[in-house]
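In what follows, a structure is listed as structure tokens, so that the remarks can point back to it.
The values are calculated or read from the model by the stated rules, or taken from the named source; none is laboratory data. This one's a predicted model, so the numbers in the text were calculated from it and none came from an experiment. Because the Cβ atoms are built from the backbone with ideal geometry, glycine has one as well, and the counts that use them run over all protein chains shown. SASA here: full protein model, heavy atoms, side chains in, ligands and nucleic acids out. Shrake-Rupley method; radii C 1.70, N 1.55, O 1.52, S 1.80 Å.
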Number of protein chains: 2
Amino acid sequence: MNIFEVLGMLAAIITTAAFLPQVYKTWKTKDTKALSLTMYVSFFIGVSLWLVYGFYLNSLPMILANGITAISTLILIGLKLKYK
Amino acid sequence: MNIFEVLGMLAAIITTAAFLPQVYKTWKTKDTKALSLTMYVSFFIGVSLWLVYGFYLNSLPMILANGITAISTLILIGLKLKYK
């Protein structure tokens, strides 16, 4: 792993971690009122495309970050639909 | 541009666009109370690292998406510090 791959992995960890507190909070409180369904569905589509593109570039940081963020976003969409 | 590069470019447009309504709203209302400075500073660091990694991968979608999102995030941080 060279320095750029390390930076990519750091990027993956930071931007993925930024989403987790939201998932935890929504899971615990079941309060989804302030969440925009349109925004999360758009984001899920965008992140899924990044995931496909990450496989194409053969980039482990992109596959990990976008794979985990896609799952986080899907959980938030599920909670939004369940508790709306 | 092959199909994967088109998907990457679509990904870039969608996830970058998801941020712009927040920037516009904050710019207009000057209301930054609900914005988490820690989250946005972390996100700025993460996106900047993705930008460096995008240059390394020579990926135009990554450079455009993360470059614009870094600027959006920096504007939000500036507004947060100005109107807190």
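Within the stretch A:18-54, restricting attention to residues that are polar (S, T, N, Q), free of Cβ contacts under 8 Å to residues at least 24 places away in the same chain and part of a helix (DSSP H, G or I), the residue that is farthest from the other protein chains (Cβ to nearest Cβ) is A:29. Residue count for the stretch A:69-84, restricted to those that are in contact with a Leu (Cβ under 9 Å, 6 or more places away or on another chain) and open to solvent by 20 Å² or more (accessible area, probe 1.4 Å): 4.
Residue pairs whose Cβ atoms lie under 6 Å apart, separated by 6 or more positions or on different chains, with the first residue in the stretch B:1-14 and over 13 Å from residue B:63 (Cα atoms) and the second among the small types (Gly, Ala, Ser), are B:14/A:42; B:14/A:46.
Only residues that are under 15 Å from residue A:80 (Cβ atoms) and open to solvent by less than 80 Å² (accessible area, probe 1.4 Å) were counted in the stretch A:30-58, giving 10. Number of residues in the stretch A:1-17 that are crowded, with 19+ Cβ neighbours inside 10 Å and either facing another protein chain (nearest Cβ under 7 Å) or more than 17 Å from residue A:51 (Cα to Cα) (or both) equals 4.
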